[in-house]
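The values are calculated or read from the model by the stated rules, or taken from the named source; none is laboratory data. Please read all numbers here as calculations on a predicted model, not as lab measurements. Glycine also receives a Cβ, built like all others from the backbone with ideal geometry; neighbour counts cover every protein chain displayed. Protein only, heavy atoms only, side chains kept; ligands, DNA and RNA dropped before computing areas. Shrake-Rupley method; radii C 1.70, N 1.55, O 1.52, S 1.80 Å.
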Amino acid sequence: MLSTTLALLTLTASAADDLSPQPYEPEIAMIVAGMLEEAHYEDLRVDDALSEAWFDSWLDTLDYQRMLFLQADVDRFQAERSRLDDRLREDPPDLSLATEMFQLSRKRFDERVEVATGLLDGSLDLTNDESWTPDRHDTGASYARSVEELDELWRQRVESDLISMLLGECGTDDPACLTDKRGAVEERLRKRYERQLKNYADYESTDVLEMYLGSLAGVYDPHSTWFAPARNDNFDIDITNSVEGIGARLQVNEAGYTTVMEVIKGGPAFEQGELAVGDKIVAVAQGDEDPVDVVDWRIDKVVKLIRGPKDSEVRLLVRPADKGPSVQREIRIVRDRVKLEETAASMTFREVDGAKIAIIDVPSFYVPAERGANGVSDDVSDLLREARREGADGVLLDLAMNGGGSLQQAVDMAGLFITAGPVVQIRDRDGKVSPLHDRDTRMIWDGPLAVLTSQASASASEIVAGALQDYGRALIVGASQTHGKGTVQQVADVSRMMRTNPDPRDPVGGALKLTVQKFYRVSGASTQLKGVVADVVLPSPFDGLDVLEGDLDHALKWDEIPRIPHATAGGFADVLPELRKRSQQRVATDEAFVEMKDDHAEREKRLADPTVSLSLEARRAELAEFKADEEEEEEEELEEVEEGEARASRTPEPLLDEGVRVLADLIELRG
């Protein structure tokens, strides 16, 4: 069967030959599977049941949107669905099915590109009142049952891509351009498909193994994966004096989209101001060059495209998180280094109803950059002392856009607000629980305290917020829950465990990142999945977006372990009903929150319809509306700058304003 598939390939023979597993790759597969079984937090065996989940994950990896395989192709491999574990336990492990399925997906893509490029001859009708569904997986679409059905799906895709490129080239205000530039745009689109085909043809056996073992690790949890060995020719993405980036944390989701998980304060993307959490990057361009599609690309290749020389421009084509699937926007960012001084914790003051509130913005839980330098806990300690000297009545700790960082810094920071005691519990797969304590009996700030959170508050932020909530030291104000990442990963060097590594100076085993522990609060509740629930819940710009841990496939479940004894400051039960009542009354009439609520309802309406129009005029009108909204927002931001209201924090202003008001209410009610 494998030889038959090879014979059908239209790609070069040398590229196909490269897909035969290297002699050492079966051993890598055996080691990775063994480590997942023996060391991953979830005590799961690679058996028939897991094999079925692995097969489904591998199929999704190859054709997530069900735009390549025919139903007959899938049926042909279904007999192997529960046998991947058996193949893995052969001596040596049998990787031929992975190779065969990948080769068939590559053959199908070659056929699809031939169809797609054949359509780009000026004959496509962009006036029909027709729509199609690009996200076929999430809508439960079936595989095509015939080549004709697949041809029709690709005709729709090509029309949609052509409309997007035409509007990107001409905008919404020049109808003549849409006609004049159509031929040139069709040629660019043809080249884009051909580049995608070349990218497919460049895959080697190690790339296939990386995807195959990544799909296995992903069944255990979304943060575990196997990385192929770094190669100097295509993985040189280390930060050096000559390579710069945009200052964003990226992750490839199940659908193959490179998704923005965090925009780093002080970085070029933050300074530029358009890239947002949840945005999906679909293409990357250098300067004025044509964009390169990056959907279904490995994260290292995407990052390599985004990084480049300082002061050079990179253009990102993104699908905004809060818009429908038909809207794309281009974002131009000038590469630079993240300004470290702007990532440090900082403090501002506000006066509200006679109360002086110190707002401490903590962008991340950073460690000292060098010997003798401050980590974030040292910086926040200094700011708290300054707040006391300045006569602050309360402190608002802003973690709303903090994606995490150093665990030890999180423990030390929580310790600034308690006398001493446990801060977090860490449990391994064997059930051993290890608490981490703050052993410094000094409490740097013992006054009124609130912590501002959002769905972007993750990991170390959740540890601090959860601990201060459990101790009754801080009122948590913000989104209904934080991000919900409560797991710990370790990276293992697979080469060190191999017996067949051909050259110790050139390790081939790569690295396995796997989840080995979970975080639990001192109350015993895990921060995994559920995160930290706010005491006073506010609307959030991220409501309804797929930005939570629970939105990832195979995320580990929430659970509890016994609480660990700890002192409490009494909590807020006596004033919480009144605090919630006052906040709800303000939010109901606050113009910014009302607008946020309306935007959320409109977004829900857009996202509920997974289709995009294949009418050029309808898409032009939709894009025009989007741009009008953007211009209105930009005008409002400009007015704030002119009035001196702009702030260097990433936290949405309505959340910050209400967080300050809630803390002022707390100070008033507690006298």
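Among S406, V338, V533, pick out the residue whose Cα is farthest towards the positive end of the charge dipole of the chain, where Lys and Arg carry +1 and Asp and Glu carry -1 on C-beta, about the Cα centre.
After comparing all options, I get S406.
For the stretch 417-500, what % of the accessible area comes from carbon and sulfur atoms, probe 1.4 Å? Walk me through the numbers before you get to the answer.
Numbers: 1350 of 3000 Å².
Accessible surface attributable to carbon and sulfur in the stretch 417-500 totals 45 percent.
Suppose every K and R has +1 on its Cβ and every D and E has -1 on its Cβ; what is the size of the dipole of the chain about the Cα centre, in Debye to the nearest 20?
Details: 77 positive and 134 negative charges, 444 e Å.
It comes to approximately 2140 debye.
In whole Hz, what ³J(HN,Hα) sequence does the stretch 160-168 give by Karplus (6.51, -1.76, 1.60; θ = phi - 60°), x for Gly and Pro?
5, 4, 5, 4, 4, 5, 4, 5, x
So, by mean Cβ neighbours within 10 angstrom, what's the order for 36-47, 510-521 with the highest one leading?
Top of the packing list down: 510-521, 36-47.
Please list the non-local residues whose amide H lies under 5 Å from the amide H of F365, H modeled 1.01 Å from N, same-chain partners needing a gap of 5 or more.
Sorted by chain and number, the residues that satisfy this are G404, G405, S406.
Going by average Cβ density within 10 Å per residue, which order do the peptides 184-193, 85-94, 478-487 take, highest to lowest? Could the numbers behind the result be given before it?
On the way: 184-193: 17.3, 85-94: 14.7, 478-487: 26.2.
Order by mean packing, descending: 478-487, 184-193, 85-94.
As an exercise, use a Förster radius of 25 Å and the Cβ-Cβ distance of K432 and V491 to find the FRET efficiency, rounded to the nearest 0.05. Mind showing how you got there, number by number?
Numbers: r = 21 Å, r/R0 = 0.83.
That gives a FRET efficiency of 0.75.
With a/c under 1.5 counting as rounded, go ahead and sort the stretch 388-447 into rounded, prolate or oblate using the C-alpha gyration tensor (a ≥ b ≥ c being the square roots of the eigenvalues; past the cut-off, prolate if a/b is larger than b/c, else oblate). Present the calculation step by step, with values, prior to reporting the outcome.
Values: a/c = 3.53, a/b = 1.75, b/c = 2.01.
Cα axes put the stretch 388-447 in the oblate bin.
Only bridges with both residues in the chain count here: give the DSSP antiparallel percent, nearest 5.
Antiparallel: roughly 75 percent of the beta bridges in the chain.
Of all the accessible heavy-atom surface of the stretch 263-320, with the other protein chains kept in place and a 1.4 Å probe, what percent is carbon and sulfur?
Values: 1070 of 2080 Å².
Answer for the stretch 263-320: carbon and sulfur cover 51 percent of the accessible area.
Rolling a 1.4 angstrom probe over the protein heavy atoms, how many square angstrom per residue are accessible across the chain? List each step's numbers first, then the result.
Working: 29380 Å² over 671 residues.
For the chain, the solvent-accessible area averages 44 Å² per residue.
Residue by residue through the stretch 507-523, which ³J(HN,Hα) values in whole Hz follow from phi under the Karplus form 6.51 cos²θ - 1.76 cosθ + 1.60 (θ = phi - 60°), with glycine and proline marked x?
Using θ = phi - 60°, the values come out as x, 10, x, x, 9, 10, 9, 9, 7, 10, 8, 10, 8, 9, 6, 5, 6 Hz.
How far apart, in nanometres, would the label points at R580 and R499 be if each is projected 7 angstrom from Cα along the Cα-to-Cβ direction?
6.2
What lysines sit close enough to K485 to cross-link, taking a C-alpha to C-alpha distance under 25 Å and skipping anything fewer than 8 places away on the same chain?
Output for K485: K265, K280, K432, K513, K518, K530, K557.
Going by alpha carbons, how many degrees (0 to 90, nearest 10) lie between the helix axis of 25-39 and the longest principal axis of the chain?
Roughly 30 degrees, rounded to the nearest 10.
Taking amide H positions as placed 1.01 Å from N in the peptide plane, with prolines and chain starts having none, which residues 5 or more places from T487, or on another chain, fall under 5 Å of its amide H?
For T487, whose amide H was placed from the backbone, the distant partners under 5 Å are F519.
Using θ = phi - 60° and the Karplus curve 6.51 cos²θ - 1.76 cosθ + 1.60, what whole-Hz ³J(HN,Hα) does each residue of the stretch 40-55 get, with Gly and Pro shown as x?
Result, ordered by residue: 5, 4, 7, 7, 10, 8, 7, 10, 4, 5, 5, 4, 5, 5, 5, 4 Hz.
Mind listing the long-range amide H neighbours of S131? Cut-off is under 5 Å, sequence gap 5 or more, other chains count too, H placed in the peptide plane at 1.01 Å from N.
Here L614 satisfy the definition.
Considering only the other residues whose Cβ falls under 11 Å of the Cβ of S613, what net charge follows from Lys and Arg at +1 and Asp and Glu at -1?
On the way: positive: R619, R620; negative: D129, E130, E159, D609, E617, E622.
Once positives and negatives cancel, what remains is -4.
Ignoring ligands, DNA and RNA, what percent of the accessible area of the stretch 144-223 is carbon or sulfur (1.4 Å)?
On the way: 1470 of 3140 Å².
Heavy-atom surface of the stretch 144-223 belonging to carbon and sulfur, 1.4 Å probe: 47 percent.
Pick out, from A567, L552, M596, the residue whose Cα sits farthest towards the positive end of the charge dipole of the stretch 551-618, with +1 on the Cβ of Lys and Arg and -1 on the Cβ of Asp and Glu.
A567
Report the Stokes-Einstein translational diffusion coefficient (µm² s⁻¹, integer) for the stretch 77-135, Rh taken as the Kirkwood radius over Cα pairs, at 4 °C with viscosity 1.567 mPa s. Show your work: numbers first, answer last.
Working: Rh = 15.2 Å.
This corresponds to a translational diffusion coefficient of 85 µm²/s.
What does the C-alpha gyration tensor say about the overall shape of the chain? Classify as rounded when a/c is under 1.5, otherwise prolate if a/b is larger than b/c, or oblate.
Working: a/c = 2.02, a/b = 1.34, b/c = 1.50.
Here the chain falls in the oblate category.
Under a Cβ-Cβ cut-off of 10 Å, what is the net charge of the residues other than S326 that fall near it, where Lys and Arg count +1 and Asp and Glu count -1? Walk me through the intermediate numbers first.
Details: positive: R319, K323, R606, R619; negative: D609, E622.
So the surrounding residues net to +2.
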